[in-house]
Amino acid sequence: MKIFLTLCLFINLTFAQDSIKNEDLPKVEAGKQVIYKENVNASPWPKLHIYQLIDATPLESLAIFLALDHQKNYLPNLLKSDPVKHMSPTQVYTKYELELPWPLSNSHYTHASDFKKVNDNEFEASWWMVTSESAESVNGSASFKQYKGKTLMGYHSFVKPKSFLAGLVKSSMIEDTLASIKSVQTETQRVKKEDQKLLKKYTDIITDSLNGKNAYQEIIQSLSSEQRK
C-alpha cells in the first residue's frame, strides 16, 4: 500500500508545463530564471514551474537541494529544517519553520522528501506535505539534468494555502519562491568552489541513500538529543 501511495504521488507531480520551452533556453543559458505560472481553480496561488542553470553536476545540485539540515542556512526566511525520521533510505520527514510576510504568522510544517537516480546525468526529487499549520496541500518535484556541462534545474510546486488572506500575498509568494530557487543555485556554486568538505558530506548522503543506507540517521539522532537537553 505504501509503495502504491508513493507511486501515486509521483504521478500527481506531472504538471502541464513539465519542461522548458525551446524558445526560453537562451534565457537560462544567459543566467536568467524562467518561470511559468499555472492557475488552479479555487486556489489563490498558482502552480509554479521554474527553470535555471547551475554550474555544478546534477548530483552536486541535488545534494545541496536536499541537504535537509543545511537548508535553513541558505534558504531565505527558513528558520528551521530538521530531518526527523527515515521512512526509507531515500525518503525522509523534515520539520520546518518558515517566516511568512505580514499579515500571516510563521508556518510550522513537516514535509516528506524522496528522490531517485534516472541515470548518471539526471536525478529527480519530490516532496509532499505530512502536516502543516498553513497549507491544505503541498506537492512538488524537481529535476536535475546535465545540460552543456552544467545542470538544468526544473522546479515544480503547488501549495494550496489555508488562510483566506493568502491571495493578498500571492506576489510575495512568487517572489520568495524565485529567491529560494536562486539561493539553491548560489549555494551549490559557492559550496562547489569554497567548501568541498560540505559538498562531499551531502553527495555522500545521496550516494549512501541510493545504496540502501539511512544516511540521515546520525543527524536525526543528534538533533533529537539536542532537543531533549
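Between amide H atoms placed 1.01 Å from N, distances below 5 Å from Ala135 occur with Lys162, all of them 5 or more places distant or on a separate chain.
Within the chain, the whole DSSP H helices whose Cα atoms reach 18 Å or more along their own axis and whose mean Kyte-Doolittle score is at least -1.0 are 170-194, 196-210.
When we measure straight from the Cα of Lys192, which lysines land under 23 angstrom away, once same-chain ones fewer than 8 places off are left out? Those lysines meeting the cut-off are Lys32, Lys72, Lys116, Lys117, Lys145, Lys148, Lys150, Lys182, Lys200, Lys201. The heavy atoms of Lys37 offer some 130 square angstrom of accessible surface to a 1.4 angstrom probe.
Computed over protein heavy atoms with a 1.4 Å probe, the carbon and sulfur contribution to the accessible area of the chain reaches 51%.
Separation of the stretch 126-183 from the stretch 55-113 is 11 Å, based on Cα centroids. Among the protein heavy atoms, those of Phe123 account for about 10 Å² of accessible surface (1.4 Å probe, every chain in place).
Labels on offer are [x] 40; [y] 35; [z] 47, and the one holding percent of Cα pairs over 26 Å apart computed from this structure is [y].
Shown is the FRET efficiency for Ser171 and Ser88, computed with R0 = 45 Å from the Cβ-Cβ distance and rounded to the nearest 0.05: 0.75.
Only protein heavy atoms count here; under a 1.4 Å probe, His86 has an accessible surface of about 30 Å².
Placing a label point 7 Å from the Cα of Glu194 along the Cα-to-Cβ direction, the residues of the stretch 63-103 whose backbone N falls under 13 Å from that point are 74. Among 164-171, 52-59, 70-77, 136-143, the peptide with the highest mean count of other Cβ atoms within 10 Å heads the list, and the full ranking is 52-59, 136-143, 70-77, 164-171. A cut-off under 14 angstrom between Cβ atoms defines the neighbours of Asn121, and their net charge, with Lys, Arg +1 and Asp, Glu -1, is +1.
The values are calculated or read from the model by the stated rules, or taken from the named source; none is laboratory data. On a predicted model such as this, the values are computed, not experimentally measured, just so you know. Backbone-built Cβ (ideal geometry, glycine too); neighbour counts: all protein chains shown. These area figures cover heavy atoms from the full protein model, side chains too; ligands, DNA and RNA do not enter into them. Shrake-Rupley method; radii C 1.70, N 1.55, O 1.52, S 1.80 Å.
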